[in-house]
Amino acid sequence: MAERTRTREREPDVADGAGYWMGQRRSAARIKRSLEGKLLVRSDDRKWELGPMGRMYRFIYEGLFDDTALHDWWVFMQDIRVHSGAHTHPGGLIIYVLEGAGHTVVDGVRHEWKKGDLLLLPIKPGGVEHQHFNKEPDKPARWVAFIYLPFWDGLASKSELKEDSPLYRAAGKRSAVGRSTPAGD
C-alpha cells in the first residue's frame, strides 16, 4: 500500500508577511471587479428608496452595491418633490440636473438651477451646509450626483442631517436630524 502524505496549509501570520498577502488579495479582488463587474447599470437593476434625504436611486454605491466595474464611487439620482433634507458634508460633489427646476441653498446663499445645469458643491473644511428645493412641486425635479470616495475619505469628514425630507417624515419615519452618520448616508 502506497504511503499517503497529507499537507496542511495555514494562513500566514504577521511574521510571514500577512500584510503583504492581504494587500495582494485586495488588489486581485479590485482587478477582478474591474474586469468582471457590470459596465451597464440598467434602470431596473436597483430600486428607489426613501431615506431622510428624500427619494434616491443609487446606481453605484460602494459598500451597498459592489457589482460594478468601477469602485470608489457613489453615483445616485435624487427625485426632489418639495425639498431634500438639509445637510452638511465635505462638498466636492458634482450634480447634473436631469429634469425640472429649483434651487439649492449653499451656506445660506441661494443658487437657481434648471434642466441641463451643473451644480458644483465647493470643498470646505468643516463641510458645506446645503439643501435642494423643487421650484414646482407638482412637476418632477431630478438630478444625478457623483462623489469620488477616496477624496471624501481623505478629508476624514462625515455628514450631518439638519432637516429631514418631508417625504420621509410623511411616511412616518423616525427623524434622523442631528444624528451624525457616515458621509453620504
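The values are calculated or read from the model by the stated rules, or taken from the named source; none is laboratory data. Every value quoted in this text rests on a predicted model; they were computed, and no experiment measured them. Here the Cβ is made from the backbone with ideal geometry for all residues, glycine too, and neighbour counts use every protein chain on show.
A few comments on the model shown:
- One residue from 107, 164 being surrounded by fewer than 16 Cβ atoms within 10 Å (Cβ to Cβ) and more than 16 Å from the chain's Cα centre (by Cα): 107
- When segment 79-91 is limited to residues that are surrounded by fewer than 21 Cβ atoms within 10 Å (Cβ to Cβ) and modelled with pLDDT of 85 or more, the one that is farthest from residue 147 (Cα to Cα) turns out to be 81.
- Residue count, segment 123-154 (criterion: under 18 Å from the mean Cα position of the chain (by Cα) and either modelled with pLDDT of 80 or more or surrounded by fewer than 17 Cβ atoms within 10 Å (Cβ to Cβ) (or both)): 19
- Filtering segment 45-55 to residues that are in a strand (DSSP E or B) and of a type outside the set (D, E, K, R) leaves 50, 51, 54.
- Restricting attention to segment 47-79, the residues being within 9 Å of the chain's Cα centre (by Cα) and hydroxyl-bearing (Ser, Thr, Tyr) number 1.
- Just one of the listed residues (42, 58, 26, 33) is outside any loop (DSSP other than H, G, I, E, B) and exposed (fewer than 14 other Cβ atoms within 10 Å of the Cβ), and it is 26.
- Screening residue 117 against (1) in contact with a His (Cβ under 7 Å, 6 or more places away or on another chain); (2) over 24 Å from residue 63 (Cα atoms) leaves a single unmet condition, (1).
- Pairing residues of segment 33-55 that are over 30 Å from residue 87 (Cα atoms) with residues that are among the polar types (S, T, N, Q), at Cβ distances under 7 Å and at least 6 apart in sequence or on separate chains, gives 37/68; 38/68.
- Residue check: residue 116 meets all listed conditions (1) modelled with pLDDT of 90 or more; (2) under 22 Å from residue 165 (Cα atoms); (3) of a type outside the set (Asp, Glu) but one, namely (2).
- Index of the failed condition, residue 63 passing every other in (1) of a type outside the set (Phe, Trp, Tyr); (2) modelled with pLDDT under 80; (3) under 21 Å from residue 168 (Cα atoms): (3)
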